[in-house]
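Read the structure below first, then the notes.
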Amino acid sequence: MEAPPLRSVRDIAPALDALPIFPLPQTVLFPGALLPLHVFEPRYRAMVKDCLSTHKAMAIALISEKGERDAHRHPAIEKVAGVGVIIDPVELADGRYNILLHGRGRVRLDELPFVPPYRRAKAVILHATPSDPLQRDVAALLASAAAFAADIRSRDPEFDFRIPPHTAPATAADLAAHHLILDARERQTILETLDVSVRVRRTTEALALQHVALQGTTRGPMN
């Protein structure tokens, strides 16, 4: 059974009763992944400042495709989000921030009444259901991730993504999804998949489809 490491739980626990929310249109944060952000809007600059002075944690919530907005004109967000801790903040001279978030877990958000300037939610940590992926499924995931990473590297020689040896299957799927899955909605679906065996297979299938599609565009139409 997958569960966030105890240190991760301790790090984010103080924030869970009123977790700051950073809604973004194409970004999903996975446990174990690193996410660099440039923060320039005044409300989110205030959020980062508050986080740095307290628990350093925030949720990255994907903006829903529904297009709905609440009474405050806030866009609807997905209810499952990644929570991360700021580990490398840089405050710029004009008050903007460059930050690095380290993903620490999955959470379900129950949004609280809005208190300006930014949104908050009561959050519950989500744990995986008991599941041991088959070794062949894990091998297929690693092969698909390596193949698609090579596809990207053939276009961008500076790109480098490798899953470290002996990485747990749940973490391997999360890292592959975070760095390699192109569609944000597919990444969100994988984030919401708590069964590790299903998550491994879904990530593998998505990567394989991307690889086939990219190979097709590389070859071009047949004459």
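The values are calculated or read from the model by the stated rules, or taken from the named source; none is laboratory data. Just so you know, these numbers come straight off a predicted model, no measurement behind them. No Cβ is skipped: glycine too gets one built from the backbone with ideal geometry, and neighbour counts run over all protein chains shown. Ligands, DNA and RNA are excluded from the accessible area calculation, which covers all protein heavy atoms including side chains. Shrake-Rupley method; radii C 1.70, N 1.55, O 1.52, S 1.80 Å.
Accessible surface computed residue by residue for the chain, with neighbouring protein chains in place and a 1.4 Å probe, gives 53 Å² per residue. If you add up the charges near Arg43, with Lys and Arg at +1 and Asp and Glu at -1, over every other residue whose beta carbon is less than 13 angstrom from its beta carbon, what do you get? Overall, the nearby charge balance is +4. Within the shell defined by Cβ-Cβ distances under 10 Å, the residues around Ile125 carry a net charge of +3, with Lys and Arg each +1 and Asp and Glu each -1. This model, with +1 at the C-beta of Lys and Arg and -1 at the C-beta of Asp and Glu, gives region 110-223 a dipole about its Cα centre of some 100 debye.
Listed by chain and number, the lysines whose alpha-carbon sits under 17 Å from that of Lys56, ignoring those within fewer than 8 places in the same chain, are Lys122.
Neighbours of Asn98, meaning other residues whose beta-carbon lies under 9 angstrom from its beta-carbon, give a summed charge of -1 when Lys and Arg score +1 and Asp and Glu score -1.
Give the shape of region 74-143 as rounded, prolate or oblate, defined through the alpha-carbon gyration tensor: a ≥ b ≥ c are the square roots of its eigenvalues, a/c under 1.5 means rounded, and otherwise the shape is prolate if a/b is larger than b/c and oblate if not. It comes out oblate by the Cα gyration axes.
Taking the 1.4 Å solvent-accessible surface of the chain as the whole, the part contributed by carbon and sulfur is 57%. Peptide packing: for 49-56, 25-32, the average count of neighbouring Cβ atoms within 10 Å per residue gives the ranking 25-32, 49-56, highest mean first.
Note that region 110-187 shows a convex hull volume over its alpha carbon atoms of 155 Å³ per residue.
For region 112-192, GluC sites (Glu not before Pro) meeting the loop criterion (DSSP other than H, G, I, E, B) and having at most 11 other Cβ atoms within 10 Å: Glu158. With a cut-off of 18 Å on the backbone N, the residues of region 19-41 near the modelled label site 7 Å out from Asp160 along Cα-Cβ are 34-36.
Using r as the Cβ-Cβ distance of Asn98 and Ala76, and R0 as 30 Å, what FRET efficiency do you calculate, to the nearest 0.05? E(calc), rounded to 0.05, equals 0.60. Taking label points 7 Å from Cα along the Cα-to-Cβ direction, Leu112 and Glu41 give a separation of 1.9 nm.
Relative protection proxy for 80-90, 104-114, from highest mean packing down: 80-90, 104-114 (other beta-carbon atoms within 10 angstrom). Rounded to the nearest 20, the Cβ-based charge dipole of region 1-125 about its Cα centre (Lys and Arg +1, Asp and Glu -1) stands at 140 debye.
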